[in-house]
Amino acid sequence: MIRNFKYSDEVLLQFASTVSGHLVTDLAAFTAFDPDLNQAKKDTLDATLNKALVEGGDELQVASLGDRTEKVLDEMQNSRALFNQLRYWVIKSFPRRKAIQRQFGIGRFGSVTSSQPRMVEFMHELAETTKQYEQELIAVGTDKDLLEEVDKQASLLMEANQAQEQHKGTRTVDTEDRVERLNQIFDALRSFNNAAEFVFFSEPAKRELYRPPSKSQSVEEEMDEVV
């Protein structure tokens, strides 16, 4: 979805907050000129503005995704450390049984650690294999807590991965919804700006309060382009 305005989201929201404050005293004058510019119009502007302020911008979405990605990386590192501990006891339990060692991933672990989906699958398989050979591992001195930790770690990694993937899927929708709200705010501000030309025709200073910020072009040009 395309933004209908040409300055930053933050500038738009700051200006909308300012206009909302001016409307507390000026709304009656706007309504007298155009009945559509009434309390309901201001209430809608305020509600949309508040929601946009609370939800934050796309930078917040990026940061949120970054947090989830960092969580996945942490859990992958924890999974590597746990496997390296378990590896010692697997070899001790089954020193000459290569087939069982392969069941635990010995010899192929390095090839899965660079792939998030493969690591998730591997840890799930490792948890099942650990349960299958639990008694043999305990018999050679493996700490039972270590064995139970494998299943817990597999779940933590899977949950972190799911949270990251879910956030990736919803971010696009969230961004589109946010742009739609920002466009609604801009459209409301444009309505008051256009009317202010006539409502405050004899009060230039008052009229200036409703002119939105602009960088490379005049506000009238920017507003007119979107009309």
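A simple rule links phi to the HN-Hα coupling: the Karplus curve 6.51 cos²θ - 1.76 cosθ + 1.60 with θ = phi - 60°, which for the stretch 129-145 gives 5, 4, 5, 4, 10, 4, 5, 5, 5, 5, 4, 9, x, 5, 5, 4, 4 Hz, with x for Gly and Pro. For the chain, the equivalent ellipsoid built from the Cα gyration tensor has semi-axes of 64, 15, 11 Å, listed from largest to smallest. Considering helices alone, the calculated mean residue ellipticity of the chain at 222 nm is -27000 deg cm²/dmol, with DSSP H runs of length four and up weighted by -39500 (n - 2.57) and normalised per residue. The relative contact order of the stretch 61-169 comes to 41 percent, based on Cα pairs under 8 Å that sit 6 or more residues apart. Return one number: the angle in degrees, 0 to 90 and rounded to the nearest 10, between the long axis of the Cα atoms of helix 39-55 and the longest principal axis of the Cα atoms of the chain. Roughly 30 degrees between the two axes.
The calculated P(r) of the stretch 61-169, using every Cα pair and 10 Å bins from 0, goes 15, 45, 26, 11, 3, 0 in percent.
A cut-off of 5 Å between modelled amide H atoms, ignoring neighbours fewer than 5 places along the same chain, links Leu209 with no other residue.
Bear in mind these aren't lab numbers, they're just calculated from the coordinates by the rules spelled out. Not measured: the values here are computed from a predicted model.
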